[in-house]
Amino acid sequence: QVQLVESGGGLVQAGGSLRLSCAASGRSFSSYAMGWFRQAPGKEREFVCAISRSGGITYCTDSVKGRFTISRDNAKNTVYLQMNSLKPEDTAVYYCAAALLIYSDYYVIQSEQYDYWGQGTQVTVSS
């Protein structure tokens, strides 16, 4: 199992950038596909970006493509979400999640497939 702790959230003006980090405990970090989700007040939790175990395959939802980049450093047990050109509609609590994948090196986009979740970090984008 792993424990996940997000950091890097804060208040930023529209058009600005933030980099979120998710630090994972344990020695099996490379066995987990990782993802970022977000939830705004009054809205359902939505998928943002995901990355395969090796970091070789990534995928992001259409609303953030070209602006957000997910990456990971397995040697540091850390996954990142680089957010550029932020918009007010990006305001949400951002969560990282880990999905154990033993036999495949691919990404996961379904929240039900994730085994572990962080507690979230707030991102607020002002207009």
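The values are calculated or read from the model by the stated rules, or taken from the named source; none is laboratory data. This is a predicted model, so every value here is computed, not measured. Every residue, glycine as well, gets a Cβ built from its backbone with ideal geometry; the counts of neighbours run over all protein chains shown. The accessibility values were calculated without ligands, DNA or RNA, using every heavy atom of the protein model including side chains. Shrake-Rupley method; radii C 1.70, N 1.55, O 1.52, S 1.80 Å.
Odds and ends about this structure:
- Positive minus negative residues near GLU89 (Lys, Arg vs Asp, Glu; Cβ under 14 Å): +1
- Counting only protein heavy atoms and a probe of 1.4 Å, the accessible surface of the chain is 45% carbon and sulfur.
- Rounded accessible area per residue of the chain, 1.4 Å, Å²: 52 Å²
- In Hz, Karplus ³J(HN,Hα) per residue of region 91-96 (6.51, -1.76, 1.60; θ = phi - 60°; x = Gly, Pro): 4, 4, 8, 9, 10, 9
- Within region 106-121, backbone nitrogen closer than 18 Å to the virtual label 7 Å beyond the Cα of THR61 toward Cβ: 107-115, 117-121
- Annotation: amide H of PHE68 within the under-5 Å range of ASN84, sequence separation 5 or more or interchain, hydrogens built in the peptide plane.
- Where chymotrypsin sites (Phe, Trp or Tyr not before Pro) fall in DSSP loop in region 26-111, at most 11 other Cβ within 10 Å: TYR103
- Phi to ³J(HN,Hα) by Karplus 6.51 cos²θ - 1.76 cosθ + 1.60 over region 41-50, Hz, x for Gly, Pro: x, x, 10, 6, 5, 10, 5, 10, 8, 9
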